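**Student:** Can you read through this structure? Questions will come right after.
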Amino acid sequence: MTKFAPRATLLAVTLLATTLLATTLLVGGAHAAEEPAAIVTVRTAPLARQAVSVTVGGYGTLTPDSDALVTISFQRAGQVARVLVRPGQPVAKGAPLMDLVTDPAAAAGYAKARSALIFATGELERARALRDQHLATNSQVAAAEQAERDARSALEAEQRLGTDHAAETLAAPFDGYVDSIPVSLGDRIQPGAPVVRLGRGAGVRVVAGVDPAEVAAIKVGQPVAVTPLVGPGTALTGIVAGIAGMLNPATRWVDVTVILEGGSGALPGTPARIAVTTDRHDGYVVPRQAVLTDEDGAYLFQLVGAKARRVGVETGVEGPAGTEVSGGKLDPKLPVIILGNYGLEDGAAVKVEAPKGDAPKAGTPKAGDGE
């Protein structure tokens, strides 16, 4: 048995070597069969400069401009007989607003003035007849003529006030809307007392609250876009007319007054958003999805040949067109990857998605020779 031991040991060593060789071949073959790294399909957009507007926002309400409000009143005392309009109602020039019944005391004043004129006219005729009979002097006739003129002037004044009419209808002097009605049906009013306040259609402003931390950038005269939050939402234009010097005690924000351009057609009472343009400059703007962030900050990818290059950026103004970006390593000749960028690594192989409707082109389009 002892003399066969070396042969058994040799067999075992041979089997072990064979197993190790087969394992090595299998592992090597597996590595050789691995597929190359996947190529990511992306979409790109050119990096171009465009105008960038820096804005400060706020919220408020459209209100009538005080300079466009007109107070309407009767010129005599009376009693409100009918109110024909309501606050907020649009009115055309000449439209009836309110009926007034002449106050009895005012009517009595007209009757007294009329009687005084009749008496003065009779006295003048009598004085002239007596002068013709040499029973009155010229000075007496002159005094009678003066009394007649005074009585006639008093009556004409009453007629201008309208006290000769039992009732009067107040009409709108221009196209506009009813801002307020400070009287009620049955009220007795004095001459010149306000009964209706009308606003011209174009006289509208907005008083909006702005964050105190941002109001320092706002200056009188800066352009403003005003977007009503009720209705079609069409943006209106205006300018900054005033900036409050203190916080609004109710909102704790700073009130900014914006006058809208004439003919805006905006309705007072409508809530609105304002955007004050405080600065304009040129800059690179990319779609928001093109900008990513991680622990190192904001970055994007540009296409270099068939590979993605990571570029660190600083973000600026956010606007409807996208995000403003800047950075010393941005290359305006290279397009920016705007889709398919999430999860990319610097230097990853990519291919550009063919535009819809176009046949795929052979190969990967070159975007630059940065490598």
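Just so it is clear, none of the values below were taken in a lab; they were calculated from the coordinates. Please read these numbers as outputs of a predicted model, since none were measured by experiment. A quick note on method: Cβ atoms are made from the backbone with ideal geometry, for glycine too, and the neighbour counts reach across all protein chains shown.
**Student:** Please report, to two decimal places, log10 I(q)/I(0) for segment 260-321 at q = 0.15, 0.21, 0.30 Å⁻¹ as given by the Debye formula with identical point scatterers on the Cα atoms and no solvent.
**Tutor:** Scattering profile of segment 260-321, log10 relative to I(0): -0.69, -0.99, -1.33.
**Student:** Once Rh is set to the Kirkwood radius over Cα pairs, what Stokes-Einstein translational diffusion coefficient, in µm²/s, holds for segment 181-289 at a temperature of 37 °C and a viscosity of 0.692 mPa s?
**Tutor:** Details: Rh = 16.7 Å.
After rounding, the answer is 197 µm²/s.
**Student:** Compute the signed sum of charges (Lys and Arg +1, Asp and Glu -1) over the other residues within less than 13 Å, Cβ to Cβ, of VAL256.
**Tutor:** Value of the local net charge: 0.
**Student:** Further question: Which net charge results for the neighbourhood of VAL80, defined as the other residues with beta-carbon distances under 9 angstrom from its beta-carbon, given Lys and Arg at +1 and Asp and Glu at -1?
**Tutor:** Overall, the nearby charge balance is 0.
**Student:** Same structure, new question: What spacing in nm lies between the two simple spin-label points modelled at GLN140 and LEU339, each 7 Å away from Cα in the Cβ direction?
**Tutor:** The two pseudo-label positions are separated by 11.2 nm.
**Student:** Ok, one more. Run the numbers for THR169 and LEU185: contour at 0.36 nm per residue of separation, minus the present Cα-Cα distance, in nm.
**Tutor:** 4.4 nm
**Student:** Between ASP331 and GLU214, how high is the FRET efficiency from 1/(1 + (r/R0)^6) when r is the Cβ-Cβ distance and R₀ = 35 Å? Nearest 0.05.
**Tutor:** So, using R0 = 35 Å, E works out to roughly 0.55.
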